[in-house]
Amino acid sequence: MPLVGDQLPDVQLATLGAEGPTKVPLRSLFEGKKGVLVGVPGAFTPGCTKTHLPGYVADYQKLKDAGAEVVAVLTVNDPFVAKAWADSAGAEGKVQVLADPAGEATKALGTEWDATAILGTVRSARFSAVIEDNVVKTFNLEDGGAMTCSLSNQIIAQLKDA
């Protein structure tokens, strides 16, 4: 798990565009920018779909007003599933939903959660972080399957203070 003051890891995520899957370096998202990075176990899982992503979409303007230039959610899914999930949540133009298909970012961040019993593989634990110019300013890791400290309404004050 990253500590306050740590640099984001240099790993690749993926998105799906008109040309197909595209690699996105995690560090390029926050280079010279302030924002929020959120990790979730999986697209279309109940808590992530009913609460987590919709909260960030609904609070997008509040996050922006608090200083976020980037709001990104990473999920251990392929870019096709990540895009379908983003589309279903109305995230376009607000929240970037990024695929971490091999769990590279999840491993590098130390947020691995063994969800083999319910999701078939290792996934990301829920987390949220304020990032400024690739430096971790705050980091919130959920305990077990909880959805408290990583929700959008919890990170708004942290954005203002970072």
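Values computed for the structure shown
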| quantity | calculated |
| --- | --- |
| Size of electric dipole in the stretch 1-98: Cβ of Lys, Arg +1 and of Asp, Glu -1, about Cα centre, debye, nearest 20 | 160 debye |
| Cα Rg over Rh - the stretch 56-112, Kirkwood | 1.02 |
| Separation of alpha-carbon centers, the stretch 87-138 and the stretch 21-55, rounded to whole Å | 6 Å |
| Ranked by how many other beta carbons lie within 10 Å on average, peptides 1-9, 65-73, 128-136, 26-34 from highest | 128-136, 65-73, 26-34, 1-9 |
| Contour excess over end-to-end distance, with Cα ends at A108 and D133 and 0.36 nm allotted per residue | 7.2 nm |
| Counting all C-alpha pairs of the stretch 1-77, share separated by more than 18 Å (%) | 51 percent |
| Computed over the chain, Cα set: Rg, Dmax in Å | 14.0, 40 |
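Read the figures in this text as sums done on the coordinates, not as results from a lab. What you see is a predicted model, and the numbers here were worked out from it, not measured in a lab. All Cβ positions, glycine included, derive from the backbone under ideal geometry; neighbour counts span all protein chains shown.
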